[in-house]
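Colleague: My questions all concern the structure below.
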Amino acid sequence: MEENFDPDLIHAIFKLVWSRRSKKVEGNEAIDLEQAGPSTSKKSRATTANASALKVSCELLRLFVAEAIHRAALIAEAEGIDTIEPTHLERVLPQLLLDF
């Protein structure tokens, strides 16, 4: 069985990114996304992800990482090296980002 990313971890990462983006948009007004209730304006409402979206996001992230490792391993193998080094990942990431 292939290991997958923890949906709670991915959700926490998403919430962190969403909170940073909302702070940039709002300027100096800091918004606590966790305390935003149903009566708040659309700009300050909490952004959420349902369980299905988190599951799909985890799978996409798993596939992305697996593909990055596979491509970096091919480069390392072509160079005659048994281990993947950061430079191998640096070389494959631009094309990988374009492919995804």
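Colleague: Looking at (1) under 22 Å from the mean Cα position of the chain (by Cα); (2) in a loop (DSSP other than H, G, I, E, B); (3) at pLDDT below 80, which one does ASN28 not meet, given that it meets all the others?
Modeller: Going through (1) under 22 Å from the mean Cα position of the chain (by Cα); (2) in a loop (DSSP other than H, G, I, E, B); (3) at pLDDT below 80 one by one, ASN28 breaks only (1).
Colleague: What number of residues in segment 46-98 are open to solvent by 50 Å² or more (accessible area, probe 1.4 Å), part of a helix (DSSP H, G or I) and under 16 Å from LEU9 (Cα atoms)?
Modeller: 8
Colleague: When only residues in segment 1-25 that are within 30 Å of LEU63 (Cβ to Cβ) and modelled with pLDDT under 70 count, which is most open to solvent (accessible area, probe 1.4 Å)?
Modeller: Looking only at segment 1-25, we keep the residues that are within 30 Å of LEU63 (Cβ to Cβ), and these are 1-22, 24.
From what is left, the residues that are modelled with pLDDT under 70 are 1-2.
Values: MET1: 229, GLU2: 121 Å².
My answer is MET1.
The values are calculated or read from the model by the stated rules, or taken from the named source; none is laboratory data. Source: prediction; values computed, not measured. With ideal geometry, Cβ positions are generated from the backbone for all residues, glycine too; neighbour counts draw on all protein chains shown. SASA here: full protein model, heavy atoms, side chains in, ligands and nucleic acids out. Shrake-Rupley method; radii C 1.70, N 1.55, O 1.52, S 1.80 Å.
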